[in-house]
1. Can you tell me which residue in region B:34-46 is surrounded by the most Cβ atoms within 10 Å (Cβ to Cβ), limited to those that are more than 10 Å from chain A (Cβ to nearest Cβ) and under 12 Å from the mean Cα position of the chain (by Cα)?
2. Would you call residue B:55 within 11 Å of chain A (Cβ to nearest Cβ), in contact with a Lys or Arg (Cβ under 9 Å, 6 or more places away or on another chain) and loosely packed, with under 15 Cβ neighbours inside 10 Å?
3. For region A:30-68, how many residues meet the condition of being among the charged types (D, E, K, R) and either within 26 Å of residue B:35 (Cβ to Cβ) or within 14 Å of chain B (Cβ to nearest Cβ) (or both)?
4. Out of region A:76-115, which residues are surrounded by 13 or more Cβ atoms within 10 Å (Cβ to Cβ), among the hydrophobic types (A, V, I, L, M, F, W, C) and more than 14 Å from every other protein chain (Cβ to nearest Cβ)?
5. Among strands (runs of 3 or more DSSP E) lying entirely in region B:1-57, which contain 1 or more residues that are free of Cβ contacts under 8 Å to residues at least 60 places away in the same chain and among the charged types (D, E, K, R)?
6. Across region B:74-97, what is the number of residues that are within 24 Å of residue B:14 (Cα to Cα) and crowded, with 17+ Cβ neighbours inside 10 Å?
7. Can you list residue pairs whose Cβ atoms sit under 7 Å apart, with the first residue in region A:17-28 being among the aromatic types (Phe, Trp, Tyr) and the second being buried (at least 17 other Cβ atoms within 10 Å of the Cβ) and part of a strand (DSSP E or B)? Count only pairs 6 or more apart in sequence or on different chains.
Amino acid sequence: DTGVSQDPRHKITKRGQNVTFRCDPISEHNRLYWYRQTLGQGPEFLTYFQNEAQLEKSRLLSDRFSAERPKGSFSTLEIQRTEQGDSAMYLCASSPPQGRPGTQYFGPGTRLLVL
Amino acid sequence: AQSVAQPEDQVNVAEGNPLTVKCTYSVSGNPYLFWYVQYPNRGLQFLLKYITGDNLVKGSYGFEAEFNKSQTSFHLKKPSALVSDSALYFCAVRLATDSWGKLQFGAGTQVVVTP
């Protein structure tokens, strides 16, 4: 049973560079979420996909952020022109199709440091 | 607006003693409530959830939580703590009416279990 995987696990970049993270959800999970966690805080919701459709975006997701899930399987989160304030742990979670609320299963996260 | 509060930044307990991690919530509707645990440099692991029914929910690793509607609380408990329970614990809430299922997390409580 493979869980949610994320790549890379760590990323160090210079301010102004673009970065892209990948998330592979649990197979057959059609719901996929991105969260951001800063030091000392709980995860904050960024965006949600159901299959390939991006159905909700948080106000935290500025114009520099874009997320895709082109075939309803893996997802990518891109940050353009990174800023030091983007330094955080980026978490991906997936959950199964549901009639009742499904549990979200989280990946190990990608820790981003912007210098 | 919904919110989750974890009033204690840190809980210290001796191994073998009961462990309680507090969580209160504020929502304008019926909540679904979750507990997750996070070990250093790892993603979040699901412990348990309350959807409906019995107010006492049993979860993984001997943890349980009690939903108290009148006090709007969902405290996490373990009768006998282990050193390996030392980690960061997050309470999360989701509105029953939220079709997309995004979670709102508390700030987390660091649990330290001493031998």
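Rule-based calculations on the coordinates, nothing more; no lab input. Here the structure is a predicted model, which is why all the values come from computation and not from measurement. Neighbour counts run over all protein chains shown; Cβ positions are idealised from the backbone, glycine included.
1. This residue is B:35.
2. Against the criterion (within 11 Å of chain A (Cβ to nearest Cβ), in contact with a Lys or Arg (Cβ under 9 Å, 6 or more places away or on another chain) and loosely packed, with under 15 Cβ neighbours inside 10 Å), residue B:55 does not qualify.
3. Qualifying residue count for the region: 6.
4. Answer for region A:76-115, where residues must be surrounded by 13 or more Cβ atoms within 10 Å (Cβ to Cβ), among the hydrophobic types (A, V, I, L, M, F, W, C) and more than 14 Å from every other protein chain (Cβ to nearest Cβ): A:77, A:79, A:114.
5. Fully inside region B:1-57 and qualifying: B:44-50.
6. Here the count works out to 12.
7. From residues that are among the aromatic types (Phe, Trp, Tyr), the pairs are A:21/A:6; A:21/A:77; A:21/A:90; A:21/A:110.
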